[in-house]
Amino acid sequence: MGEFAEAVQDRFRETLAERRPFFDWQTEYRVGPTPVDVAGVDNGVTAESGTSGTLALIELEWRRADPADNSAKLFRHLADGALDEHDRIVVCQVFTGYYDLARGGVSSKRENAEFVGRVAADAFDRVSYSPVDFDLDPPKRGGEWPDDWKRRADECARRIDAALDE
């Protein structure tokens with residue numbers, strides 16, 4: 001990822017840490033061998049099960065050619081038991097304006113990613129999936145960053161935060 005995408009990841013982590021301070025928020029969180037852009041772990045251990053509460057996984061789809069691959073990898077690791085220590089897993093897949101079509105609607109790449117996410121979430125009782133809009137057209141590597149990117153990132157982080165309550 002480029003410098004701007006990393007700055008957005010950091011901004012998400014910081015904003016979510018302010019909104020949900022009882023989570024341990026990090027970037028490049030590992031699920032098996034796969035890094036997830038931002039993750040938050042509610043470290044409260046449930047007495048009955050001995051497992052931790054909620055794990056929030058946020059994938060930032062910047063300009064990826066195949067965003068469904070990110071969904072499939074996460075859910076494949078879930079099926080393999082890599083996340084069994086968590087009672088609840090919330091996956092938010094954040095899509096930038098790159099996936100919006102000029103004539104309205106979204107690209108089939110985004111539709112495919114959302115389909116994979118919904119099907120996988122339906123297959124696991126403790127998993128939810130939320131696609132999240134990020135109102136930002138990412139510049140190509142080396143391009144100028146939008147002046148209001150922090151405000152837009154904060155708005156997106158609020159949408160992610162709301163998805164954690166669904």
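The values are calculated or read from the model by the stated rules, or taken from the named source; none is laboratory data. Bear in mind the structure is a predicted one, so any value in this text is a computation, not a measurement. For neighbour counting, all protein chains shown are included, and Cβ atoms are generated from backbone atoms with ideal geometry for every residue, glycine included. To get the accessible areas, we keep the full protein, side chains included, count just its heavy atoms, and leave off ligands, DNA and RNA. Shrake-Rupley method; radii C 1.70, N 1.55, O 1.52, S 1.80 Å.
For segment 3-164, with all protein chains in place and a probe radius of 1.4 Å, 46% of the accessible heavy-atom surface sits on carbon or sulfur.
Here Cα Rg over 2.2 N^0.38 Å was computed from the coordinates, and among (1) 1.01; (2) 1.32; (3) 0.95 the match is (1). Take 143-150, 26-33 and order them by the average number of nearby Cβ atoms within 10 Å per residue, most first; the result is 26-33, 143-150. When DSSP beta bridges are restricted to pairs lying wholly in segment 8-138, around 45% turn out antiparallel.
Cα centroids of segment 52-123 and segment 1-39: 15 Å apart. Which whole-number percent gives the relative contact order of the chain, counting Cα pairs below 8 Å spaced six or more residues apart? Computed over the chain, the figure is 21 percent. Within the same chain, lysines fewer than 8 places from residue 109 are excluded, and of the rest, those with a Cα less than 17 Å from its Cα are 73.
The residues of segment 3-164 expose, per residue, 49 Å² of accessible area to a 1.4 Å probe.
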